[in-house]
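Quick notes on the structure that follows.
The values are calculated or read from the model by the stated rules, or taken from the named source; none is laboratory data. All values reported here derive from a predicted model rather than from experimental measurement. We place every Cβ from the backbone using ideal geometry, glycine too, and count neighbours over all the protein chains shown.
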Amino acid sequence: MSTKIFVNLPVKDLPRSKDFFTKIGFSFNPQFEDENAACMVITDDIYAMLLVEPFFKTWIGKKEIADATTTSEALVALSFDSREQVDELVTKALASGGQEIGEVNDQGFMYGRSFQDLDGHIWEGIFMDMSAMPAEA
């Protein structure tokens, strides 16, 4: 069995978050869904568990939930096969209520754009053209 990753993110309004991520192209696995959680499928091996804040709190002990609108707790970066796919993701996110974060990062061989979702979590789409990567000195 391959290693899978499950990124767990607190959300304020689960139906609203599901709607946002559905609009930008992700699907959900209904087998792992109830009023407290939804399993967003990113790839066959990568998932984001969207957990309502009270339920998320049960997993983190005495720690406080970071307010991702004012504090960066993580940046989730996803690779894509082209610059166009990166732009498509960010365009859909912005049209669905997300906010663009920072400037376009275009280093020739690497291209990236970031957005903040409805709960303030930062997502970055990146494309890397390894054939155009500068040789090491």
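Mind telling me which of the residues 97, 112 ends up being more than 13 Å from the chain's Cα centre (by Cα), on the phi > 0 side of the Ramachandran plot and not assigned by TED's automatic domain parsing to the domain that holds residue 41?
One residue alone meets the criteria, 97.
Could you tell me whether residue 91 is out of contact with any helix residue (DSSP H, G or I) (no Cβ under 9 Å at 6 or more places or on another chain), of a type in the set (Ser, Thr, Tyr), at pLDDT 95 or above and in the same structural domain as residue 4 (by TED's automatic domain parsing)?
No; evaluated as a whole, the condition is false for this residue.
Suppose we filter segment 119-137 for residues that are modelled with pLDDT of 75 or more, of a type outside the set (A, V, I, L, M, F, W, C) and either more than 25 Å from the chain's Cα centre (by Cα) or on the phi > 0 side of the Ramachandran plot (or both); how many remain?
3
Out of curiosity, is residue 21 buried (at least 17 other Cβ atoms within 10 Å of the Cβ), within 21 Å of residue 95 (Cβ to Cβ) and touching a residue at least 60 places away in the same chain (Cβ under 8 Å)?
Criteria met by residue 21.
Would you tally the residues in segment 99-111 being within 27 Å of residue 12 (Cβ to Cβ) and out of contact with any Leu (no Cβ under 7 Å at 6 or more places or on another chain)?
Of the residues in that region, 3 qualify.
Restricting attention to strands (runs of 3 or more DSSP E) lying wholly within segment 33-137, give those where 1 or more residues are of a type in the set (Phe, Trp, Tyr) and surrounded by 14 or more Cβ atoms within 10 Å (Cβ to Cβ).
It comes to 46-52, 110-116, 122-128.
Might you check whether a residue that is of a type in the set (Gly, Ala, Ser), touching a residue at least 12 places away in the same chain (Cβ under 8 Å) and touching a strand residue (DSSP E or B) at 6+ places or on another chain (Cβ under 9 Å) occurs anywhere in segment 1-9?
No: segment 1-9 contains no residue that is of a type in the set (Gly, Ala, Ser), touching a residue at least 12 places away in the same chain (Cβ under 8 Å) and touching a strand residue (DSSP E or B) at 6+ places or on another chain (Cβ under 9 Å).
Only one of (1) of a type outside the set (Ser, Thr, Tyr); (2) more than 16 Å from residue 124 (Cβ to Cβ); (3) modelled with pLDDT of 95 or more fails for residue 63. Which number is that?
Of (1) of a type outside the set (Ser, Thr, Tyr); (2) more than 16 Å from residue 124 (Cβ to Cβ); (3) modelled with pLDDT of 95 or more, only one is false for residue 63: (3).
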